[in-house]
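Trainee: I'd like to ask some things about the structure below.
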Amino acid sequence: MSVSSATTEVVDPVPGAAAPHLPAQPDLVQLLTPEGERVEHPDYAIDVSAEELRDLYRDLVLVRRWDVEATALQRQGELGIWASLLGQEAAQIGAGRALADGDVAFPTYREHGVAWTRGVDPLHVISLFRGVDNGGWDPVATAFNLYTVVIGAQCLHATGYAMGLQRDGAESAALAFLGDGATSQGEVNEAMIWAASFSAPVVFFCQNNQYAISVPLERQTRVPLYQRAAGFGFPGVRVDGNDVLAVLAVTRAALAAAREGQGPTFIEAFTYRMGAHTTSDDPTRYRLASELEEWKLRDPIARVKAYLSRSGVADAAFFDAVEAEADELAKRIRTGTVEMPDPPGTAMFDQVYAEQTPPLAAQQAEFEAYQASFEGSGH
Amino acid sequence: MALRQFKLPDVGEGLTDGEILQWLVAVGDTVTVNQPLCEVETAKAAVELPSPYAGTVTALLFEAGTTVDVGTPIITIDDGADAPAAAPAPAGAGAEAAAGGPAESAEPAAGLIGGAAPGGRTAVLVGYGPRTTEARRRPRRGGPPPARPAATPGADYGSGGQDRPPLLATAPDMTVKPVRHGGLEVGRQAEAHAAAEEAATALGAAPGRGRLRPLAKPPVRKLAKDLGVDLAALTGTGAGGVITREDVTAAAAGPAPEAVPDAVVAAAPVATAGEQRVPVKGVRRATAQAMVASAFTAPHVTEFLTVDVTRMMKLRQRIAARPEFAGVKVSPLLFVAKALLLAARRHPMVNSSWDEAAQEIVVHGQVNLGIAAATPRGLLVPNVKDAGRLSLAELAAALTELTETARAGRTAPGDMTGGTITITNVGVFGVDTGTPILNPGESAILAFGAVRELPWVHKGKVRPRQVTQLALSFDHRIVDGELGSRFLADVGALLSDPGTALAF
């Protein structure tokens, strides 16, 4: 299946972000309406089994619960900071579940939902935000790269990796995550130029959550973001980021195109950050409560639940079981976080190089001797 | 039972304290994990703190309104679990906790965060900020303590000896600390003002040498600032007349400052029995800075006018009954605001600013009408943008929303800045009039007093009429007595005879 060429046309600049009313967007790919009604799209047919639907719902509920618990833990002094994904669950679960074996994801620092789909233990993500390590998961085994805090830098990593896949002749793709603010970064634009020039098998998945911390999207772009792809020479598509089915379908199609050698795609998942940028931010200073209320009506989980109930795919027992599982997960995260041991002071030396270099070994010895000079120290 | 204490965490990367705005639970309440306990305002945000424990609240260790250092226990919760056998809760632990004393908190095991670490230290508490005590290194075993090397210029940046403050401030500078609701903007104005003053001082200091500032390296400048030494008053002994670290320390250790005049001593606050000391912070600090900046920058003149507003009050009743005014508040303030806007259109100069740097008067193209509002957090002056363009109904809606948002403490910073003229409605407090201080950067402010029924000569007879007082303060650099008087008289005429508006 090819990505719709119609979406790549540059039309008259529409201030799409200034009026984020979904119904008024003819280019928005949607398969499940906010009311939970299944609709069809000519370019993005999707056939999901009842079990897959239930699994998607379970994913959405569990990552939200993880996120809520982590936010609370930060407020209790257990985490240094937390970047909440609240409201962006569908964009992340849909994108993450579209990945196939051999594909590699390159996240920002907010892709907890994608991490979840790659089998990363939530505590391994939490440990990063607790300052215990730089991310506890194995990026190779999970095919989920380490979190990148530098805005947009992971787009270059993903493009480079994709060019490597291309040279290996592997039929796999890289999935680069970015936010709307990152589109203003030089690195992102460089990555897209390289990706286009080499037809690299990379998909740029932009979660447009409307704010670059406090800067609204209309300050950053005169055209809808997905239309920028046309300037780089590859397709761009805007998908309802709160619709997990649409995101899954669009991302699957884009990854398939990349694997087949059709080059990159830019996906703009149109969504909304329901919480603060991070726990250090106060969104009430720059956005209106009415906007939040409007987006609450487009909740990514409520629509799946409504669809599951209405179509008889799931019953109350299923929803209760998922809730119970979420409670258990929250408990495990809380206990695991509070009991997380401090790393030894020398841990930082272990992960600089694959093999220790003599100068670094000398530094480590010196550091250990210094630690040992403290009276009664066990270090 | 095990009493657990919740310490105020650093909720925003590097904060050192927070103010408890309100408690959401009370002693005796049963709380669950993650139930909001209190609202805390920090320099970055107002946030709710969720409970890390389930149990019963046994003590709130600080009252709402207190600013608490990060890492200080703020609440004690009895989680109902049995205390560990090794550490039985002492008798009366509950009473002790209620009195704010230490409680038997279940400490995490050694090696865990928050638990004991080797060397008698507490393991790093993530998010609890740096320790408040000074890190002191114990002597090496078997060796004499190393002699402190002689201080060399420039070799001691940031560490600071015992005899002088550290060169690099570790705590945020409170005077420029961003505070909620536009305080940052006010802080910046104050900063800009201070910078302008400094530049002016420097200009005057070394006219002969044609040099703007005395020569000194940045660390030396910082040292001079910390020690309160005026670099302009020093003669540098370094190469090329550069002021050195020694010059600054010598000046600091020099002759004691002159005896403080008695008047200054007398101005210090008098100690009285039962006095309370309220820390100056947040909106209070921002207000104080703004008022001082305004009062000592713009020469204020205040004029008064007593007006019979009976007709305006009658008109108000008629207008309130009109369908387009359903749902909005048709207050006397609305008519004062409208009168001011009409008068300002006639006298645009009152809606202007003094640009000291450019030596120009900026006559604004639109009126951003500020309304001084008393809120739980203090005085705020949000403004209605381009108020002159609004119809009376639109203005009524804008004023209602503005004051309600301000009272709810949700005014956006953008609504606090860019004001061009202000009304202060002292009448709502039952006061007749006052001499308002200009909102910094503006050239006029109108105080609207209480509307009272008074004996008034009306059509040759003494009648009970509704009368109010207006007071207009203006910046005499921009507005002359004549202009100010005409403007005030116009506002008064519009209120005493609203039909006059047709002539405007």
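Coordinate-derived values only; no laboratory data. This is a predicted model, so every value here is computed, not measured. Don't worry about glycine lacking a Cβ; one is built from the backbone with ideal geometry, like all the others, and counts go over all protein chains shown.
Trainee: Hey, can you rank B:420-431, A:250-261 by average C-beta count inside 10 Å, highest first?
Mentor: Numbers: B:420-431: 19.1, A:250-261: 22.0.
Order by mean packing, descending: A:250-261, B:420-431.
Trainee: Further, regarding this structure: Just to confirm a number: summing +1 for Lys and Arg and -1 for Asp and Glu over residues other than B:LEU8 whose beta-carbon lies under 9 angstrom from that of B:LEU8, what do you get? Walk me through the intermediate numbers first.
Mentor: Numbers: positive: B:LYS7; negative: B:ASP10, B:ASP17, B:ASP69.
So the surrounding residues net to -2.
Trainee: While we're here: To the nearest 0.05, what FRET efficiency results for B:ALA288 and B:ALA326 with a Förster distance of 35 Å applied to their C-beta separation? Please report the intermediate quantities before stating the final value.
Mentor: Numbers: r = 41 Å, r/R0 = 1.18.
Between B:ALA288 and B:ALA326 the formula returns 0.25.
Trainee: Related question: Under 1.5 on a/c is rounded, so check that first for segment A:183-333, then, if it is not, pick prolate when a/b is larger than b/c and oblate when it is not; a ≥ b ≥ c are the square roots of the alpha carbon gyration tensor eigenvalues. List each step's numbers first, then the result.
Mentor: Values: a/c = 2.17, a/b = 1.37, b/c = 1.58.
Oblate, since a/c reaches 1.5 and b/c is not below a/b.
Trainee: Go through segment B:425-436 residue by residue and turn each phi into a ³J(HN,Hα) via Karplus (6.51, -1.76, 1.60, θ = phi - 60°); whole Hz please, and just put x for glycine and proline.
Mentor: Along segment B:425-436, the couplings run 9, 6, x, 4, 8, x, 9, 7, 6, x, 10, x Hz.
Trainee: Based on the Cβ-Cβ distance from B:ARG389 to A:LEU86, what FRET efficiency comes out when R0 is 56 Å, to the nearest 0.05? Write down the numbers at each step before the final one.
Mentor: Working: r = 39 Å, r/R0 = 0.69.
About 0.90, to the nearest 0.05.
Trainee: Output ³J(HN,Hα) for segment A:59-66: one whole-Hz value per residue in order, computed from phi by the Karplus curve 6.51 cos²θ - 1.76 cosθ + 1.60 with θ = phi - 60°, and x for Gly and Pro.
Mentor: 3J(HN,Hα) across segment A:59-66, in whole Hz: 4, 4, 5, 5, 5, 5, 5, 4.
Trainee: Among A:MET163, A:MET274, A:MET348, which one shows the highest mean-square fluctuation when chain A is modelled as a Gaussian network with alpha-carbon springs under 10 Å?
Mentor: Answer for the Gaussian network model of chain A: A:MET348.
Trainee: Mind jotting down the distance between the C-alpha centroids of segment B:399-472 and segment B:328-360, whole Å?
Mentor: First find each Cα centre; the distance between them is then 13 Å.
Trainee: Follow-up. Taking K and R as +1 and D and E as -1, what net charge do the other residues with C-beta under 11 Å from the C-beta of B:ALA408 add up to?
Mentor: Numbers: positive: B:ARG377, B:ARG407, B:ARG410; negative: B:GLU401, B:GLU404.
Summing Lys/Arg as +1 and Asp/Glu as -1 gives +1.
Trainee: Treating the angle as unsigned and between 0 and 90°, give the value, to the nearest 10°, between the Cα long axis of helix A:300-310 and the longest Cα principal axis of chain A.
Mentor: 60 degrees
Trainee: Amide H to amide H, which residues 5 or more places from A:VAL202 or on other chains are under 5 Å from it, using H placed in the peptide plane?
Mentor: Here A:ALA174, A:THR265 satisfy the definition.
Trainee: In nanometres, what is the gap between the two model label sites at A:ALA50 and B:GLN276, each 7 Å from Cα along Cα-to-Cβ?
Mentor: For the pair A:ALA50/B:GLN276, the computed spacing is 6.6 nm.
Trainee: Along the Cα→Cβ direction, 7 angstrom out, place labels at A:ALA372 and A:ALA324. What is the inter-label distance in nm?
Mentor: 5.4 nm
Trainee: A further question follows. Place a point 7 Å from Cα of B:ARG463 in the direction of its Cβ. Which residues in segment B:306-344 have their backbone N less than 13 Å from it?
Mentor: Answer for segment B:306-344: B:308-314.
Trainee: Using the Cα gyration tensor of segment A:86-213, with a ≥ b ≥ c the square roots of its eigenvalues, what is the shape: rounded (a/c below 1.5), prolate (a/b larger than b/c) or oblate (neither)? Walk me through the numbers before you get to the answer.
Mentor: Values: a/c = 1.64, a/b = 1.22, b/c = 1.35.
It is oblate, given that a/c is not under 1.5 and a/b is not larger than b/c.
Trainee: Right, here's the next one. For chain A, set up a GNM with springs between Cα atoms under 10 Å and report which of A:LEU175, A:LEU297, A:LEU62 has the largest fluctuation.
Mentor: A:LEU297
Trainee: Separate question: Hey, got the average number of other protein chain Cβ atoms within 10 angstrom for residues in A:272-278? Provide the component values of the computation, followed by the final result.
Mentor: Details: counts 0, 0, 0, 0, 3, 0, 2.
Whole-number average of other-chain Cβ neighbours for A:272-278 is 1.
Trainee: Residues of segment A:126-149 with backbone nitrogen within less than 17 Å of a virtual label 7 Å along the Cα-to-Cβ line of A:ALA170, please, listed as ranges.
Mentor: A:138-146
Trainee: Set the Förster distance to 56 Å, then compute FRET efficiency between B:HIS476 and A:LEU297 from the Cβ-Cβ distance, nearest 0.05. Don't skip to the end; give the middle numbers.
Mentor: On the way: r = 55 Å, r/R0 = 0.98.
Computed FRET efficiency for B:HIS476 and A:LEU297: 0.55.
Trainee: A follow-up question, please. Convert each backbone phi in segment A:167-183 into a coupling constant with the Karplus relation 6.51 cos²θ - 1.76 cosθ + 1.60 (shift: θ = phi - 60°), then list the ³J(HN,Hα) values in order as whole Hz, x for Gly and Pro.
Mentor: 5, 6, x, 7, 8, 9, 9, 9, 10, 9, 9, 7, x, 5, x, 5, 5
Trainee: Something else: Around B:ALA216, which amide H atoms from residues at least 5 apart in sequence, or from another chain, sit under 5 Å from its own amide H, with H modelled in the peptide plane?
Mentor: Here B:ILE243 satisfy the definition.
Trainee: Compute the acute angle (0 to 90°) between the alpha-carbon long axis of helix A:244-259 and the principal axis of greatest extent of the alpha-carbon atoms of chain A; round to the nearest 10°.
Mentor: Approximately 80 degrees, to the nearest 10.
Trainee: Please compute the average number of Cβ atoms from other chains found within 10 Å of each residue's Cβ in peptide A:75-87.
Mentor: Shielding by partners across A:75-87 averages 5.
Trainee: Sticking with this one: For helix A:186-197, what angle does its Cα long axis make with the longest principal axis of chain A, in degrees from 0 to 90 and rounded to 10?
Mentor: Taking the Cα atoms of chain A, the angle to A:186-197 is about 60 degrees.
Trainee: Is the shape of segment A:18-338 rounded, prolate or oblate, going by the alpha carbon gyration tensor and its root eigenvalues a ≥ b ≥ c, with a/c under 1.5 for rounded and a/b larger than b/c for prolate?
Mentor: Details: a/c = 1.28, a/b = 1.16, b/c = 1.10.
Cα axes put segment A:18-338 in the rounded bin.
Trainee: Need the list of aspartates and glutamates near B:LYS222 for cross-linking: C-alpha distance under 14 angstrom, and skip anything on the same chain fewer than eight residues off.
Mentor: Leaving aside aspartates and glutamates fewer than 8 places away in the same chain, those within reach of B:LYS222 are B:ASP156, B:ASP173, B:ASP230, B:GLU246, B:ASP247.
Trainee: Less than 10 Å Cβ to Cβ from B:GLN366, Lys/Arg counted +1 and Asp/Glu -1: what total charge do the surrounding residues give? Numbers along the way, then the final one.
Mentor: Details: positive: B:LYS385, B:ARG389; negative: B:ASP386.
Neighbourhood net charge equals +1.
Trainee: Which whole number gives the average, over all residues in A:126-139, of C-beta atoms from other chains lying within 10 Å of the residue C-beta?
Mentor: On the way: counts 0, 0, 0, 2, 3, 4, 3, 0, 0, 0, 0, 0, 0, 0.
Neighbouring Cβ atoms belonging to other protein chains average 1 per residue here.
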